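**Student:** The structure under discussion is supplied below as structure tokens; questions concerning it will follow.
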Amino acid sequence: MKISQRRELTQQMGRTTGGYELVFSPLLLAAIGYGLDRLFGTVPILTITFGLLGLVGAVTKIYFTYRSEMEQHEANGPWAQR
């Protein structure tokens, strides 16, 4: 496997993590919230709050990563060279 092919494969693998982030971030934080809810007797307030916080955080990260990649793509495209 050539170096350029390895680099491309690594970049593609990095891009696929967005789906995992959308699932596991809210689940992990909701589990933490559930544990705290059980500890404090406030079920489901912290579970929902932490789950939503995880979802908002994951979506925000994916959005800004996408914007950064698109800005790089625009800057490196043949249409941007003068």
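**Student:** Using Cα atoms only, what is the angle between the long axis of helix 3-15 and the major principal axis of the chain, expressed in degrees (0 to 90) to the nearest 10?
**Tutor:** Helix 3-15 and the main axis of the chain meet at about 30 degrees.
**Student:** While we're looking at this one, here's another question. Using the beta-carbon distance between THR42 and LEU22 and R0 = 30 Å, what value does 1/(1 + (r/R0)^6) give for FRET efficiency, to the nearest 0.05? Mind dumping the intermediate values first?
**Tutor:** Numbers: r = 26 Å, r/R0 = 0.87.
According to the calculation, E is roughly 0.70.
**Student:** Could you work out [θ]222 nm for the chain from helices alone, using -39500 (n - 2.57) per DSSP H run of at least four and dividing by all its residues? Round to the nearest 500 deg cm²/dmol.
**Tutor:** Values: 3 runs with 69 residues, N = 82.
After summing the helix terms and dividing by residue count, I get -29500 deg cm²/dmol.
Every number in this text was worked out from the coordinates using simple rules, so none of it is lab data. This structure is a prediction, so every number in the text was calculated from the model and none was measured. Note that we place each Cβ from the backbone using ideal geometry, even for glycine, and neighbour counts take in every protein chain shown.
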